[in-house]
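Below is one structure, written out as structure tokens; comments come after it.
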Amino acid sequence: MTSSRKRSRSKSSGFGLRGLLVIGGALAVLCIVLIGWFTMAPGKMSKADAAEATTRADALLKADNATGARDLAAEAVRGDPDNEDAHIVLARALLALHEGVAAEGEIQRAVDAGYDPKAVPQWRAEAWALQGKTDKAPAEADKAPAKQHVYGLRIRARALTAASDFAGAQAALDEARHLAPDDAGVWTDTGRFRFTAGDLLGAAEASDRAVKLAPGSVDALILRGEVVRSQYGLVAALPWFEQALKRDPARHDALIEYAATLGDAGRTVDAVAATRRALDARPGSPQALYLQAVIAARAGNFDLARAILDKAGGAINDLPGVILLGGTLDLEKGDYEQAIEKLTDLVGMQPMNITARKLLAVALLRTDRARNAIDMLRPVVARADADSYALTLVARGFERIGDRDQASRYLDRASAPGVGVSTAFSADDSTATLAADAAQKPGDPDAIVPLIRALVTGGDKGAALAKAQDIAAKNPGAPGAQLVLGDMLMLLGRPGEAVAPYQKAADLRFDEPTMLRLIEALDRSGRREDAANALALFLSQNPTDIAALRLSAHWQLAAADYDAAIDSLEDIRTMIGDGDAALNAELAAAYTGAGETGTAVDFGEAAYGLSPANPAVADAYGWALFKGGDKEGALELLQKAVILAPKHPGLRWHLAQVYAALGRKAEAKVHAQAALADPGFPERAEAQALANG
């Protein structure tokens, strides 16, 4: 300690003149730099230069480069703070970039500098609408001067849409289109309104009209990208966002949509690059940080995801995606109470969000609230197509409360080789209550769909079908209305008729639920080739969709295309890891078919360790052992599989072949005949030969 102090004093005493000269020189350099910066900085341009910059900024704005216009207009404002035109151009650029607070300030500065206050109501209304002041914006938009009347109608419509006054918004847009039928901005706002209202057919038509009228309109291109993404898929949407970014490379909202689409399409490196560009355009962008957090979470780096999400602050905390991610991260960290709070809010916002329900159930189970977890999953496991994970969670809940019979029932369902046909959630209210609500809101799908569910639950399927047909006819541009009709027809065992409404829905919104419904209807109506084409089209646009990849791999296995199945299944394993019993079982089956029995046995063993009561798992493991030469080990597993699922012809056929290989012909015949009892069993000739042998 003493020597340290001595060294410190020694350095101090040696400062002297040399130190002063060094500091003096540094200050001189700093002064020169500051003088140069203030002399050459954009803020010090002359009034003439500022006027010229304003003209160029206005030209950039007209060319749909709002970011460039904003930057140049800001320079002009710094050069000549009294230039009202510079302030108004800057305000309009900020409005185009959805920066409402800053735009409102510039509008007022323009007026203070001499700009006509009667010429700005439509812009002030837009700034208010962007800030969520939807109560004030419509009246202000109505004050727009005659030459800006159409613009005012557009802003009125935006504000009313944000306030959920869809009738008022539609009326304003109808008038705007009547007055300016070839205005691309009007058609863009019309498309955005229809997209928000769920009329995807109308949104597609309006967005197509907008980009044809103004091929360089960034707003129109972004909207078109969003509509195409919904209609056709991720890959098809990318060129539209890329076109928008060619016009304005730093447009924040275009970069966010582009990054999100790239991320969902599996192009992670490109997605991260796009988020960084968005952060350059808008430092601290919560949307960009959220996307980075999602990418990190998908890669399993939860600590990084949490750190990035914390940087986003609370600006987007009320968005469903952010709530779901936050709840997931809390759950992974063990902060169960926080996860429960977030996920409970999300389920309240989105009652049919099955992912949120399952995550919330996990958190409830881990905090010894088993009954709450069961209640949370009741509407999910009430469906015939409930997934094994949800069923297992409910079973664990019943185990916790000591109800072994119910736990066994749900575990049996979780272990079954297949799932049932999808159905809608059951109704929460009485039919009479829901009928009264629907009568008060004629033509409103949100009111009629619960009534349809109640009619189905009450056994009146004929009335439910009539309601579904009516809602589909009255809402031809709403994919949800078409799906309701398709679901009803599937419930009535009419898959061939369900194809048409499902195809209409897919033409409007080709997402995963619609794809799965369409493919199921096509397959069950004997149109496997059409189903395969629909699946291939979906995968071409959504190459990382797990459900589509699993279905594709399943069909590849059924077609004995083992190499292709291995590729698909290994892609899935890369994305979700090794903890999925069904995936490991299918990998075992694929590698067995490809003749790689050593690898097949490894995957079969892994699957069996995860789910020993699953007959499909026992079968895959046993068949891999059989093909690898372990007949006795195979026999034990395949006997267990048949005990668990005695009506499954494939399991019976595998067991028959093992018995035959062991010389137990009588038992082999019994199981071969059991397989043949199923008219859909494909390997009939081989089984018939064994049964007759």
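The values are calculated or read from the model by the stated rules, or taken from the named source; none is laboratory data. In this text, all values refer to a predicted model and were calculated from it rather than measured experimentally. Note that each Cβ is placed from the backbone with ideal geometry, even for glycine, and that neighbours are counted across all protein chains shown.
Since residue 677 meets every condition but one in (1) under 26 Å from residue 605 (Cβ atoms); (2) surrounded by fewer than 20 Cβ atoms within 10 Å (Cβ to Cβ); (3) of a type in the set (A, V, I, L, M, F, W, C), which condition does it not meet?
Of everything listed in (1) under 26 Å from residue 605 (Cβ atoms); (2) surrounded by fewer than 20 Cβ atoms within 10 Å (Cβ to Cβ); (3) of a type in the set (A, V, I, L, M, F, W, C), residue 677 misses just condition (1).
Can you say whether residue 655 is outside any loop (DSSP other than H, G, I, E, B), out of contact with any Phe, Trp or Tyr (no Cβ under 9 Å at 6 or more places or on another chain) and under 16 Å from residue 589 (Cα atoms), as far as the supplied structure shows?
Yes; evaluated as a whole, the condition is true for this residue.
Quick check: is even one residue across the stretch 302-317 surrounded by 14 or more Cβ atoms within 10 Å (Cβ to Cβ), in a helix (DSSP H, G or I) and in contact (Cβ under 8 Å) with a residue 60 or more places away in the chain?
no
Condition first: aromatic (Phe, Trp, Tyr) and either part of a loop (DSSP other than H, G, I, E, B) or touching a Ser or Thr at 6+ places or on another chain (Cβ under 7 Å) (or both). Now tell me which residues in the stretch 196-250 satisfy that.
Within the stretch 196-250, 232, 241 meet the criteria.
Being more than 22 Å from residue 221 (Cα to Cα), touching a residue at least 24 places away in the same chain (Cβ under 8 Å) and of a type in the set (S, T, N, Q) narrows it down to one residue among 261, 268; which is it? Steps first, please.
Numbers: 261 fails: more than 22 Å from residue 221 (Cα to Cα).
Checking each option against the conditions leaves just 268.
Looking at the structure I just gave you, is residue 354 of a type outside the set (D, E, K, R), assigned by TED's automatic domain parsing to the domain that holds residue 389, over 21 Å from the mean Cα position of the chain (by Cα) and more than 30 Å from residue 252 (Cβ to Cβ)?
Spelling it out, it is not the case that residue 354 is of a type outside the set (D, E, K, R), assigned by TED's automatic domain parsing to the domain that holds residue 389, over 21 Å from the mean Cα position of the chain (by Cα) and more than 30 Å from residue 252 (Cβ to Cβ).
Those residues that are closer than 21 Å to residue 524 by Cα and of a type in the set (A, V, I, L, M, F, W, C), I need them from the stretch 469-493; list them, please.
Residues satisfying the conditions are 483, 484, 485, 488, 489, 490, 491, 492.
Count, please, the residues in the stretch 370-414 that happen to be touching a Gly at 6+ places or on another chain (Cβ under 7 Å) and closer than 13 Å to residue 359 by Cα.
2
List pairs: first residue in the stretch 74-88 and closer than 19 Å to residue 99 by Cα and modelled with pLDDT of 95 or more, second residue in a helix (DSSP H, G or I) and acidic (Asp, Glu) anywhere in the structure, Cβ distance under 6 angstrom, at least six positions apart or on different chains.
Taking only residues 6 or more apart or on different chains, the pairs are 87/106.
When you scan the stretch 133-150, how many residues do you find that are surrounded by 16 or more Cβ atoms within 10 Å (Cβ to Cβ) and of a type in the set (A, V, I, L, M)?
Counting residues in the stretch 133-150 that are surrounded by 16 or more Cβ atoms within 10 Å (Cβ to Cβ) and of a type in the set (A, V, I, L, M) gives 4.
Can you say whether residue 186 is outside any loop (DSSP other than H, G, I, E, B), surrounded by fewer than 16 Cβ atoms within 10 Å (Cβ to Cβ) and of a type in the set (A, V, I, L, M, F, W, C), as far as the supplied structure shows?
no
Collect the residues in the stretch 520-540 that are farther than 17 Å from residue 558 by Cα and not in a helix (DSSP H, G or I), keeping them in residue-number order.
Once the filter is applied, which keeps residues that are farther than 17 Å from residue 558 by Cα and not in a helix (DSSP H, G or I), the stretch 520-540 yields only 525.
Every residue, every condition in (1) surrounded by fewer than 18 Cβ atoms within 10 Å (Cβ to Cβ); (2) assigned to a loop (DSSP other than H, G, I, E, B); (3) β-branched (Val, Ile, Thr); (4) at positive phi, yes or no:
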{"site": "466", "(1), (2), (3), (4)": "yes, no, no, no"}
{"site": "469", "(1), (2), (3), (4)": "yes, no, no, no"}
{"site": "477", "(1), (2), (3), (4)": "no, yes, no, no"}
{"site": "480", "(1), (2), (3), (4)": "no, no, no, no"}
{"site": "484", "(1), (2), (3), (4)": "no, no, yes, no"}
{"site": "489", "(1), (2), (3), (4)": "no, no, no, no"}
{"site": "500", "(1), (2), (3), (4)": "yes, no, no, no"}
{"site": "507", "(1), (2), (3), (4)": "yes, no, no, no"}
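From (1) assigned to a loop (DSSP other than H, G, I, E, B); (2) closer than 30 Å to residue 619 by Cα; (3) modelled with pLDDT of 90 or more, pick out the condition that doesn't hold for residue 422.
(3)
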